[in-house]
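Student: Just dropping this structure here.
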Amino acid sequence: MKLLKQGAEAVIKLENNVIIKERISKLYRIKDIDFKLRKYRTRSEAKILEKCSSIINVPSIIYVDEKNMVIKMEFINGKLLRDFINDLNE
């Protein structure tokens, strides 16, 4: 498994052409609030990707684990959205 990125919200890894996004717990938050917030954000991201898939090319969801706050999705090789938007602004 290869670590691709680690941010404030999640750790993103690549394994066998599958992206694994795991939302990390914040120790400074109340445990119950942290769990609910991470679960909500994981569920919301999966729903948004599913809705967008009929309009644009987004990774297909393979698996969503709301208990462990993990989303497994298809790896799409190409330019990052952030880089694409930055190029438009230059």
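Student: Which entries in the list LYS5/LYS79; LYS13/LYS47; LYS36/LYS79; LYS26/LYS79; LYS26/LYS51 go over 25 Å, if you measure between the two C-alpha atoms of each?
Tutor: Check vs 25 Å cut-off fails for LYS36/LYS79; LYS26/LYS79; LYS26/LYS51.
Student: What number comes out for accessible area per residue over the chain if the probe is 1.4 Å? Units Å², please.
Tutor: 77 Å²
Student: In percent, how large is the relative contact order of the chain, given Cα pairs closer than 8 Å and 6 or more residues apart?
Tutor: On the way: 115 pairs, mean separation 21.7, N = 90.
Relative contact order for the chain comes out at 24 percent.
Student: For the chain, with all protein chains present and a 1.4 Å probe, just round the carbon and sulfur fraction of the accessible area to a whole percent.
Tutor: On the chain, the fraction of accessible area on carbon and sulfur atoms equals 55 percent.
Student: Sticking with this structure for a sec: Once all Cα-Cα distances of the chain are split into 10 Å bins that start at 0, what whole-number percent is in each one?
Tutor: 16, 43, 32, 9, 0
Student: Give the aspartates and glutamates whose C-alpha is closer than 13 Å to that of LYS2, dropping any in the same chain fewer than 8 places away, or say none.
Tutor: Filter leaves GLU15.
Student: Continuing with the same structure: Please state the charge dipole magnitude for the stretch 27-90, taken about the Cα centre, from unit charges on C-beta atoms (+1 on K and R, -1 on D and E), reported in debye and rounded to the nearest 20. Write out the running numbers ahead of the final one.
Tutor: Details: 13 positive and 10 negative charges, 88 e Å.
Here the stretch 27-90 has a charge dipole of around 420 debye.
Student: If you don't mind, there's one more thing I want to ask. Compute a Gaussian network model of the chain, connecting alpha carbons closer than 10 Å, and tell me which residue from ASN17, ASN68, ASN77 fluctuates the most.
Tutor: For the chain, modelled as a Gaussian network with Cα springs under 10 Å, the answer is ASN77.
The values are calculated or read from the model by the stated rules, or taken from the named source; none is laboratory data. The shown structure was predicted, so the numbers you read here are calculated from the model rather than taken from an experiment. Please note: Cβ atoms are built from the backbone with ideal geometry, for glycine as well, and neighbour counts cover all protein chains shown. Remember, those area values only see protein heavy atoms, side chains included, never the ligands or the DNA or RNA. Shrake-Rupley method; radii C 1.70, N 1.55, O 1.52, S 1.80 Å.
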